[in-house]
Amino acid sequence: MTNSQSPYQIGDRVESGGFIGTVKYVGPIEGKSSIWLGIDWDNPERGKHDGSVNGVQYFTTRHPTSGSFIRPEKVNYGKSALASIESRYGHIEDEFTAKINKQKQLLLQQNMNAPFLEMVGFDKVFNKQSDFTALRIVTLRGQGIKYVGRGLGDTCPNIEELDISKNLLRSWGDVLELCGQLPRLQWLNVSENLLELPETLIGGFPNVKTLICGCMELTWGHICRLGRVFPSLEEFRAPNNQICEVGSPEGVFTQLKLLDLEGNKIEFWTEICKLGGLPHLEQLILEDIGLRSIEFEGDSPKVAVFSTLKKLCVVKNLINEWGSVAELNRLVSLENLRFSKNPITESEEPDTAHQIIIAKIANLKILNGVEIETGERRGAEYDYIKKYGLEWLQVKETDKEADFLKSHNRYLELIQKYGELEESELVSKPKIIKNTLVQLSLIFEDVTIDKKVPLTITVQKLIVLTQKLFSLSGRPHLVYASRSDPQIEITLEDEMKEIGVYSIQNGDKIIVKV
């Protein structure tokens, strides 16, 4: 697309009132004078019909209500990428303008007998041009860019990061023309542009490491074709597209470290597993893809797929059983997991759900953005043994043992680590709340907070409580000081013990040390 073409072209992308659409019809409308443009708007709420008026079908739309007619003078037809850079980042004087300015400066110099004016004037021009050559990061989102324009590479040869999202580009050919003029380009955002994708794309751009293609109605076939054009991609973000099925990415994405598929209705883990052979994949974002379960093939403790995957996001899905969490323990490198807003996490109290996930995945270091400290892991694993201990004793050495161990994947491992609990330790005893709460004075430096806590609270949970109450960045140590006998001070070292074993009474002190 060049700026010499008529603005009235079928297939052109145009903007009006902040909305972007595609020209689908140019011509008269029955009962109305002049020429009208039939637009299929990206946002169906902007339109009024499906391209038909009074029984006449003028064009077809992507949505039943995304079409409307508009007069040509009310439409923005766009400009070049170079013109957008000039208007956004400054103004460049071309050769013709520079000659006129030189003549004006010479005349002014003669009239004022001021030879220094010529030098100053041309320094200003040179400095403006130098500013463009110094551009490294350029943001042109929503600037109405329709085509690339000549001279972009000569004017801005050092651009490394470019955002051209939500513009009026029509084809991936335009994007590739742009990339061809910017040899240093490494980061490119083309989101919210509905671009035609030719069957054959000419050229390859090995310098581009990051490509962002959100809301572009792309399928997995489109994704793979783009992977061939950009063979060195390390980060590919394609959220909110039309990816429902995933094929094995043979011959593409050999350097990919991060893949973002958020908002694509993929639904099935079997499709996701087709990505398991990517040799360098470290981060996989699967937020809100309709995923209901996670299950790998076979019964080996660890799986061969996703061997380099360190960070996984499955937030806001439909996972409704703990077995899916247990399956994630089979990933050899997983350290960082985001798992919130799944139905299974709502089946327990938030703190309990947090502990269960920690206990089920041995190598996990970060959960939902929070680092897991050693004491927290120990407490979570110990509480997990207690929570399911009675169930374990009931199925142990029976035909139901295998099913239990499949669901509670690390239970035997945890028993070996902490020892098996006696039935008496697992039986819940009736409690009268008013008799089990104790009033303590929690003291950190010169601050004292009085707090009622149950005698059954563990030292580990009391540590977490004091850390929150005093907003401590590090993990504190607790010392118990008796109110009745000031000489009694005991360091609470065993985090698994309940504080009741120390014969704590109302009014006793807990000294918080960091």
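Derivation of every value follows stated rules applied to the coordinates shown; laboratory data play no part. It should be emphasised that the depicted structure is a prediction, and the values quoted were computed from it without experimental measurement. Because the Cβ atoms are built from the backbone with ideal geometry, glycine has one as well, and the counts that use them run over all protein chains shown.
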Inset, instruction - Select from region 454-507 those GluC sites (Glu not before Pro) which occupy a DSSP coil region and have at most 12 other Cβ atoms within 10 Å, ordered by residue number. - result: Glu493
Legend entry - region 178-259: trypsin sites (Lys or Arg not before Pro) falling in loop per DSSP and having at most 14 other Cβ within 10 Å: Arg184
Legend entry - Set of region 367-390 residues, backbone N closer than 18 Å to the point 7 Å along the Cα-Cβ line of His477: 374-376
Legend entry - Gap separating the Cα centres of region 285-340 and region 173-217, nearest whole Å: 31
Inset, instruction - Evaluate the charge dipole of region 195-318 about its Cα centre and quote only its size in Debye, nearest 20, assuming +1 on the Cβ of each Lys and Arg and -1 on the Cβ of each Asp and Glu. - result: 340
Legend entry - Net lengthening on full extension, Gln416/Ser300 (0.36 nm per residue, minus Cα-Cα): 39.8 nm
Legend entry - Inter-label distance, nm, simple model (7 Å from Cα along the C-beta direction), Lys32/Ser52: 1.8
Legend entry - Cβ-derived FRET efficiency at R0 25 Å, Gln439 paired with Lys468, nearest 0.05: 0.85
Inset, instruction - Mind scanning Lys417/Lys451; Lys311/Lys417; Lys24/Lys274; Lys316/Lys365; Lys48/Lys341; Lys166/Lys257 and naming the pairs with a C-alpha gap bigger than 29 Å? - result: Lys417/Lys451; Lys24/Lys274; Lys48/Lys341
Legend entry - the chain - share of DSSP beta bridges that are antiparallel (%, nearest 5): 55
Inset, instruction - Enter the angle in degrees (range 0 to 90, nearest 10) between the Cα long axis of helix 350-360 and the first principal axis of the Cα atoms of the chain, meaning the one along which they spread out most. - result: 90
Inset, instruction - Select from Leu405, Gly379, Val395 the residue farthest towards the positive end of the dipole of region 376-421; place +1 on Cβ of Lys and Arg, -1 on Cβ of Asp and Glu, and compute about the Cα centre. - result: Gly379
Legend entry - Gain upon complete extension [Thr308, Val395; 0.36 nm per residue less C-alpha separation]: 27.7 nm
